[in-house]
Structures are given as C-alpha cells and as structure tokens.
Amino acid sequence: MLLRSPLLAIASRQLSNKKRQTFLTISGIGVGVMVLITSISLMDGILQSFIRKIVDNTPHIVVGSDRLRPLTPENLADSAAGVYVNLIKHVEREDDDVIANYSGVIAAIMTEAKVSFVSPVVLVDEVAAFGTMTTPLKIHGIIPSVENNIERFSTHMTAGVFEDLERSPDGFMIGASAARDFPVRPGDRIQLTSAGGELISVRVTGIFSTGLNEVDNNCYVNLRMAQILGGFSSSQVSKLYVRVNDLEANTSIARSIEGKTNYTSATWEESARGFMSLFRMITMIVYFLTFFVILVSGFSVANVLITNVLEKTRDIAIMKSMGYRKNDISMIYLAQGLFVAVIGAAAGSVLAFGMIEILASIPIEGSKTGIVRSDHLEMGRSVWYFVAASCFAVLISLLASVGPSRNAARVNPVELLRGER
Amino acid sequence: MNMPLLQLVNIRKELSIHSDGQTISTVILPDVSMEVRRGEFAAITGPSGSGKTTLLYLMGMLDKPTSGSIFLEGDDVTVKNEEELAGLRNSKLGFVYQFHFLLPEFSSLENVMMPMLARGRYPLATARARAQELLHLVDLSDRLNNKPNQLSGGQQQRVAIARALANDPILILADEPTGNLDTKNSELVYRMFQRVNVESGQTIVVVTHDEAFAGKTNRNIHLVDGEIVRDSR
C-alpha cells in the first residue's frame, strides 16, 4: 500500500524494482564501511593499547643525570661586560652521569603537588653468564616496593614472586623478552661482574611480562646491588622515575622539576614523540586508502541514480505535470541515495562488528623488537568508529546523489509528454 | 459572472532549434487569441504540425508562450514562476495524454491518489476513498490493486482519466486521449469525458485526430499552420 509520503514510496519502489543493482550498491557501501570501521578499530586499538601500557607501566616523567646548567664555572663572568675567563680543565668531572645526593633531589621533587611517586634507578650494562651462556643485559637497580608503583611488575609476573626480589639482596628479576635469549628459571644462579672486576652471583627470583618490549628487555636487581655493580656510591643513582596523578599536567610538572632540581626531565610523550608521529603518519595513510574504498562506492551510488533518472524521465515529467515541484522530484533521488547509504552503513557496521572480533581473536607471534608486544591484535572498540564511518558513507552517498537528483528536477515535461510535435 | 475560464491573448510561440552552431527559429503559433468558457467540451483538430498540441500545453501551463498572455479565471499565469504554476496545475488542472503514463510501480488506486498527495491536500484515508470513487466512475472498481501492466490499453487510459479528475480540476486537458485505442475503447473514453462534463460541469479541452470524437463535442476549433481557421460551437 502507498506509504504516507508518496515521494518516499516512489523512491523505494524504484529501488526495489532494480533489486540487483540496488543490492550491489548497498554491498559496495557495506564493504566500504566495514573496511573503514575495521581500520579505525585496528589503528586506534594499537595506539590506545600503547598509550595505556606506557601510562600504566612506565614512568610518566624520567629525571635524567644531565644538568640544565653546568656546575663548572664556565660563565663566571658576564661576557657582555667585556670580561672573559679562560678556563682550562685538567680533570674531567666524573660524576656528570649520575644524580648525586638523590634523596635530596627526591625530597625536592616530592614538593610538587601532583607527583605521586618518585623511584630512584641505577642503570648498568652487564654481561651475564649462566652455565655456558653469556649475554649482555640492561640491568636496573631499583627499590622494588617503590618502583612497583611505577612499572607495576607485581601484576605482570609470569614466574616467581615479585616480593622475593626485595627480600633477597642477591635477587634478580628478568623481563620476558630478555629471557627468550637467556632462558633462566626462578632459582637459577647467574654470574655478573662488578665494576671492580669482582664476580657476583645473583639468584633469579621472577620473570615478568608487561607487553612493552622496552621494559621487557630489562633485568632488575636491588638498588644497592646495582650501585655495587656499576661502582656508584650509595647516594648516587642514574635516573629518577616519576609517576604523577594528573597526566594533563605532565609537561608543566616536568618543567617545574627541572627548575627545582637542575636535572633534565622528559615526559613519556616527549620520549615517545618519534614513534607517535610515525604512527600518526601510518594512520593517515591507512585512512586515506580506506577513503577511496568509500569513494568508489559513492560512484556506484551515482551510477544507479543516473540510470534510475534516465529510465524514469517520463514518470518525472508526468509527476511534474500533476503538480509535483522541482524539490519534490529532487527529494526522490536524494532519498534513494540516503536509503542505500543507510542500509549499506548498517550492513557494514554489522560486518565490521564481526570482523573486529575475528581479528581480535587471531593469535599472533609476539616480536622482541617491536614497541608493544601482544599475543593478539589490540582492536579498539568504540561506538564512535561506527558513527563516524556511517556518517561518512551517508555524506559521500548524498553527495553522489546531488547531480542525478538535480538532473531529475530539470526534466522538461513538454518534451516528453506530447504525442505529436 | 461572465468571465471566461481561460483566455489566450495574442499568443505567439516560437521554437528555437540549435544545429551546426546556428539557431533556427520556427514560429509554431504566430498570433492566437481565443477563450474557453466554463462548462465547454471543446475539441482542437488540425493536421500534424498545425500547433494544436503546443496550444494545449500552453493552456496547461506546462509551456510558456514567447509573447502574449494567458488568463486562468482572470489571473495572468504567464507572469508566474515554476513553483506557482506547479501549484496551479495541481489544484486546477487535470491532464490526459495519448499514452497513459501511469507510474508502473504503483496500483491503479495509488496512481489515482498521486495528485491528491502531492501537496498533502487530502489526508491519506480521504485520498484513498476518493480514488476508489473515481475508479468506480470509470468502471474499474474491480481493478483497484492492479498494476498498469496488468491492465488493457483501454483500462489504463481510464485510470489516467480518473487520475486527471483526482483533485476535482476546473479544466481537463487531453492530448490525443484516444490516439492509441480501438473504436470501442475510444467510445468508452468519450463517454467518460462527456459524463464528467455534463454531471460535474467540468470544462474539457481535447486535442484529437479522431473526427468521430471531435464531431461529438460541443465546440470544434480547427487549426492550420498555427492559426484558427474555424471555431464552431
């Protein structure tokens, strides 16, 4: 029966009269929308999981040992006043790559309102020997209970118990990526060499896996052990890891710490800048390619509508003669564009929903060299992917309908209706 | 009130044909003046190319004259814009063509309802009841839900007539309405027009080649080369 709106009825019946073409067009839009949603989910999922893992498992701010202003008196005199000092260094300062009197620096950092935790870290590169195997390792000396507030090892243990590290002065914890080439188990003993050439034996207490290769390539010992290995005094550390409770204020906190301590401070955004900009570029390329998939489905919409208009010029003429206005006629074909877009977008959304779940369930081999390690694809899930892709498809389809619907509105009834000229 | 329903004053219609970069202008109607009175049942006849169809489309406001004025109920329609003309066609005029031109996707009933729904003049239920009445008037009560391709040529043309009557027009214009029909169906169509003319007093102007049809109307306008050579009541 006739729908309440004759224009919509005409639009839908013309479409359903050409089932095959209409179906193919809807399929085209559906596939386009599916590909777009899946791509957004994939790219956003990777980015979000990276950010989440970074924010949860790495320091928000790293205070390094480089000083903003050198301690040596290069600038004793004001050179603008025409006075110069010629300084000859006979001895290089050796404590330049350490943070001296670290507890004083921590106390200064803790005066920042939004800082939750500060953890001292000693970095040592060591060659470790286990049985007949030797391998270079990046060893971090930490106070486990403090560092756990920043890198959250206790929730990422795959073997052993995290607390054992702090309980045993010779404890040694190894990341899953490092453990691949150096297959030790809790309880195994490893030989390390101290700065003074002395052999030190440590005992493996646990293996952890955060999913971030940067972290999982590392090994952890107690702070004092690392100081001995690296020849640090007990008041010296390499870096301070800072966790804040307001990520938005990250940058201003880092600058403020620099002001208070004179040590350079980098936020995780600054450290990850290279990766983030590369990732943004890849994302743009993916979206750009996906854009063409939808664009092609727009051509398909235009094609169907142009055919419909050409085949229906006589009907359009008769409708005009009975008093339908130009806008009414345009509406018929704009509505057709909208119909196929909405149905196509809905179908594409359903397909994308399934596709995302399928992709998320495919197991993948974790790599040691990537930034984020995962045993499956990290697909993002948000209703906005669907909304954005559907709106885009509808927009393209409506744009494709504008030309044909204008042509339809321009049909001159006289030329078509007269029986005799 | 003795105002004519439709009045054509010094109507001139030229057609421009573009070919090979040249524009050739052909005069179809050099200077026609005439009027149609309320309640008339008029036939316009004439040889092919005499301009009778052009005259009908000018009356129907589907085409505009090159010069001259057309008054519908005293109102100059040549100065109106396309939207206004569409409105007038919808409310005051009904068209029947040589070919039925029914919308193929819709049933007889729906086709007849189409003009009524164009401007939301009738609610859906009223439009449906009215379309049923009109199809009853053209003896097609048993074909309400048939699509055009399920109807014979004569039946299709009768649905088209019912559609022309949909908005109770004051003027019905028909272009060779029997041109495609056999004698029996032509007679049927004639009787429909006559009935509408007599019973509802609606004015009808028919362009026709059909001498028998023209002979039965109450006014004959004969056109040769765009000029009215005979106008007999």
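Taking the average, over residues, of other Cβ atoms within 10 Å as the packing measure, peptides B:108-116, A:204-212, B:154-162 rank B:108-116, B:154-162, A:204-212 from highest down. Across the range A:122-127, rounded Karplus estimates of 3J(HN,Hα) from the backbone phi angles (6.51 cos²θ - 1.76 cosθ + 1.60, θ = phi - 60°) give 10, 9, 9, 9, 10, 9 Hz, Gly and Pro being marked x. As a ratio to 2.2 N^0.38 Å, the alpha-carbon radius of gyration computed for the range A:92-261 takes the value 1.06. The angle separating the long axis of helix A:250-261 from the principal Cα axis of greatest extent in chain A is about 20 degrees. Residue-wise HN-Hα couplings along the range A:36-41, as the Karplus relation 6.51 cos²θ - 1.76 cosθ + 1.60 with θ = phi - 60° gives them from phi, are 5, 4, 4, 5, 4, 4 Hz; Gly and Pro carry x.
Cross-linked pairs B:LYS52/B:LYS184; B:LYS64/B:LYS147; B:LYS80/B:LYS147; A:LYS19/B:LYS92; B:LYS147/B:LYS184: Cα-Cα separations exceed 32 Å for B:LYS64/B:LYS147; B:LYS80/B:LYS147; A:LYS19/B:LYS92.
Relative contact order for chain A: 27 percent, from Cα pairs under 8 Å spaced at least 6 residues apart, divided by residue count.
May I ask you to list, by number, the DSSP H helices of chain B whose Cα span along the axis is at least 24 Å and whose average Kyte-Doolittle hydropathy reaches -1.0 or more?
Numbers: long enough: B:183-200 (25 Å, -0.72).
The qualifying helices are B:183-200.
Where only DSSP H runs of four or more residues are counted, chain A gives -17500 deg cm²/dmol as its mean residue ellipticity at 222 nm, each run worth -39500 (n - 2.57).
Which semi-axes, in whole Å and largest first, does the equivalent ellipsoid of chain B have when worked out from the alpha carbon gyration tensor as the square roots of 5 times its eigenvalues?
Those come to 29, 20, 18 Å.
Between the Cα long axis of helix A:383-409 and the first principal axis of chain A there is an angle of about 30°, rounded to the nearest 10.
What net charge is computed for the residues neighbouring B:GLU187, neighbours being all others with C-beta under 11 Å from the C-beta of B:GLU187, Lys and Arg scored +1, Asp and Glu -1? Within the 11 Å Cβ shell, the charges total +1.
Computed from phi, the 3J(HN,Hα) profile of the range B:202-218 under the Karplus parametrisation 6.51, -1.76, 1.60 (θ = phi - 60°) reads 7, 7, 10, 10, 10, 8, 8, 8, 6, 4, 4, 5, 4, x, 8, 7, 9 Hz, with x in place of Gly and Pro. Looking at the range A:221-273, none of the trypsin sites (Lys or Arg not before Pro) sits in a DSSP loop with at most 15 other Cβ atoms within 10 Å of its own Cβ. Averaged over the residues of peptide B:48-58, the number of Cβ atoms from other protein chains lying within 10 Å of each residue's Cβ is 2. All other residues whose Cβ lies under 13 angstrom from that of A:SER41 are scored, Lys and Arg at +1 and Asp and Glu at -1, for a net of -2. Taking a ≥ b ≥ c as the square roots of the eigenvalues of the Cα gyration tensor, the range A:267-421 is classed as prolate, since a/c reaches at least 1.5 and a/b is larger than b/c.
Would you mind giving the mean number of other chain beta-carbons within 10 Å of the Cβ of each residue in B:120-130, as a whole number?
Rounded to a whole number, the mean comes out at 1.
Packing order of peptides B:135-142, A:397-404, highest average first: A:397-404, B:135-142 (average count of other Cβ atoms within 10 Å over each peptide's residues).
Applying the criteria of a DSSP loop state and at most 12 other Cβ atoms within 10 Å to the trypsin sites (Lys or Arg not before Pro) of the range A:1-46 yields A:ARG4.
Per residue of B:111-119, how many C-beta atoms from partner chains lie within 10 Å of its own C-beta, taken as a mean?
For peptide B:111-119, the averaged partner shielding equals 5.
To check you understand DSSP bridge types, tell me what percent of the beta bridges within the protein assembly as shown (both residues inside) are antiparallel, rounded to 5.
70
Pairs of Cα atoms nearer than 8 Å and 6+ residues apart set the relative contact order; for the range A:92-261 it is 33 percent.
Sorted on the mean count of surrounding Cβ atoms within 10 Å across their residues, most packed first, peptides B:208-216, A:355-363 read B:208-216, A:355-363.
The aspartates and glutamates within cross-link reach of A:LYS18, meaning a Cα-to-Cα straight distance under 15 Å and a gap of 8 or more places when in the same chain, are A:GLU311, B:GLU105. With the convex hull drawn around the C-alpha atoms of the protein assembly as shown, the volume per residue stands at 300 Å³. When +1 charges are put on Lys and Arg Cβ atoms and -1 charges on Asp and Glu Cβ atoms, the dipole computed for the protein assembly as shown relative to its Cα centre reaches about 2300 debye.
Look at the alpha carbon pairs under 8 Å that are at least 6 residues apart: their mean separation over the length of the range B:1-127 gives a relative contact order of 24 percent.
Values quoted throughout were computed directly from the atomic coordinates according to the rules given, and no laboratory measurement underlies them. Note that the coordinates shown come from a computational prediction; the quantities given were computed from them, not determined experimentally. So basically every Cβ, Gly included, is an ideal-geometry build from the backbone, and we count neighbours across all protein chains shown.
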